[in-house]
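J.: This is the structure I want to talk about, given as structure tokens.
The values are calculated or read from the model by the stated rules, or taken from the named source; none is laboratory data. Quick caveat, the model's predicted, so the values are computed rather than measured. Counting neighbours? That spans all protein chains shown, and the Cβs are built from the backbone with ideal geometry, glycine included. Surface accessibility is based on the protein's heavy atoms, side chains included, excluding ligands, DNA and RNA. Shrake-Rupley method; radii C 1.70, N 1.55, O 1.52, S 1.80 Å.
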Amino acid sequence: MKWISFRIGVVLWFCSVALPVHAQKLERAVLAFGSTGPNLTPFWVAREAGLYRQYGLDVDVVFFRGSTIAINALATKDAHFGAFGASSSVLAKLGGMDTVLIATATPGLLFYLVAKKEIKNANDLKGKKIAASRPGTDSDLAARVAVQKLGLVEKDVSILSMGTDTERLSAMTQGVADATVVTIGGYVAAQKLGFHSLIDLSQANVPYEAASMITTRTLIKENPDMVGKFVKGFVAAIQYAQTYREVTLKVLSKYMRTADPEILNASYDYYVGRIIPRTPYVSEKGLQAVIDFIRQRNPQTPNAKAQDFMDNRFIKELDESGFIKALYAK
């Protein structure tokens, strides 16, 4: 009996040590996002593959129509984290919020400007309507940058605010818009509809911070442990997505709201295969480009430095501790 009691005690001890997440109550967190673009893949994979839970968080993901709306959830404390463009965070901070970028999912401005087939060049685009998401979002800024890269000025076109890639492409088919900016999945869909690309901004090498992990300095101060757990789940999801293609494609299908295998595979190959970095530091240069572009459009915007809008401490800790390296040694 003593031997049996001893063995039971060892098993109970082992379970308490080896399975701490299951033995403890998970801390609840909310992630707000405002896009169905595949550049948010690690955020979704971390949720669906149970990686946030693995590190002690029960994360709800909530969709808002546009990142400028989603970021309000951080202001009201209805969400702890946000997954959207750096421009939204910068604008929010300039407006008085204490938002801060703590990781990146998509360095660079990776959009295509697609147009109807009769619009063959920049000159044909003059006087036409370009659909983008809400003002201040990545797609909105991408539309304006694309116009500049084509040698036009913003007054040469009309930029309309309307929904997701899918909704904007629908607006083109209905004649409401003549062009729009889309991510890789939207580009594949656009080609199927007979539209073509006027410019691929990824080839223009525009320094930028697009899809980013955003929180508030208040949360970092009050609950740094939660922030650290969330970042761990996100970083682990990058490795998971690279390892488990089929599972990740199913996650993309759910959040992108499409079952088209061509769109899903193109999105996976582009973002998971090429773009999303293993060690997702926020780029100071890319973030400064966002700030400078905002100031260019709004000269009254005060001078600001990228360091005021970013905090790489959590990624740095995982990098220097060997956590990220260990993920890829499996």
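J.: Could you count how many residues in the range 81-125 are basic (Lys, Arg) and modelled with pLDDT under 95?
T.: Residues flagged as basic (Lys, Arg) and modelled with pLDDT under 95 within the range 81-125 amount to 1.
J.: Tell me, which residue of the range 120-155 that is in a loop (DSSP other than H, G, I, E, B), of a type outside the set (D, E, K, R) and in contact (Cβ under 8 Å) with a residue 40 or more places away in the chain is surrounded by the most Cβ atoms within 10 Å (Cβ to Cβ)?
T.: Taking the candidates together, the pick is SER133.
J.: Moving on. Every residue in the range 166-180 that is open to solvent by less than 30 Å² (accessible area, probe 1.4 Å), more than 18 Å from LYS120 (Cβ to Cβ) and not basic (Lys, Arg), please.
T.: Across the range 166-180, the qualifying residues are LEU169, ALA171.
J.: Filtering the range 70-80 down to residues that are touching a strand residue (DSSP E or B) at 6+ places or on another chain (Cβ under 9 Å) and open to solvent by 60 Å² or more (accessible area, probe 1.4 Å), which residue is modelled with the lowest pLDDT?
T.: ASN72
J.: Additional query: I want to confirm something. Restricting to the range 252-308 and keeping residues that are under 18 Å from the mean Cα position of the chain (by Cα) and of a type in the set (Asp, Glu), which single residue is farthest from VAL206 (Cα to Cα)?
T.: ASP269
J.: Looking at the range 58-66, can you tell me whether even one residue there is surrounded by 21 or more Cβ atoms within 10 Å (Cβ to Cβ), farther than 22 Å from PHE314 by Cβ and in contact with a Lys or Arg (Cβ under 6 Å, 6 or more places away or on another chain)?
T.: Checking the range 58-66: at least one residue is surrounded by 21 or more Cβ atoms within 10 Å (Cβ to Cβ), farther than 22 Å from PHE314 by Cβ and in contact with a Lys or Arg (Cβ under 6 Å, 6 or more places away or on another chain).
J.: Here is a list: ALA143, ALA122, ALA131. Which entry is farther than 23 Å from ILE294 by Cα and among the small types (Gly, Ala, Ser)?
T.: ALA122
J.: While we're looking at this one, here's another question. Name the residue, out of ARG274, ARG257, that is at pLDDT below 95 and farther than 15 Å from ALA189 by Cα.
T.: ARG274
J.: Which count do you get for residues in the range 40-82 that are outside any helix (DSSP H, G or I), touching a residue at least 60 places away in the same chain (Cβ under 8 Å) and among the hydroxyl-bearing types (Ser, Thr, Tyr)?
T.: 1
J.: Quick one: count up the residues across the range 201-212 that are in contact with a strand residue (DSSP E or B) (Cβ under 6 Å, 6 or more places away or on another chain) and part of a helix (DSSP H, G or I).
T.: 0
J.: Could you check how many residues of the range 83-119 are in contact (Cβ under 8 Å) with a residue 60 or more places away in the chain, farther than 30 Å from LYS316 by Cβ, open to solvent by 20 Å² or more (accessible area, probe 1.4 Å) and outside any strand (DSSP E or B)?
T.: 2
J.: Now for a different question. In the range 146-182, what residues are of a type in the set (Gly, Ala, Ser), farther than 25 Å from ILE291 by Cβ and at pLDDT 95 or above? Walk me through it before giving the result.
T.: The initial filter retains those residues of the range 146-182 that are of a type in the set (Gly, Ala, Ser), namely 146, 151, 158, 161, 163, 170-171, 175, 177, 179.
With farther than 25 Å from ILE291 by Cβ added as a condition, the list becomes 158, 163, 170-171, 175, 177, 179.
Scanning the range 146-182 gives SER158, SER170, ALA171, GLY175, ALA177, ALA179.
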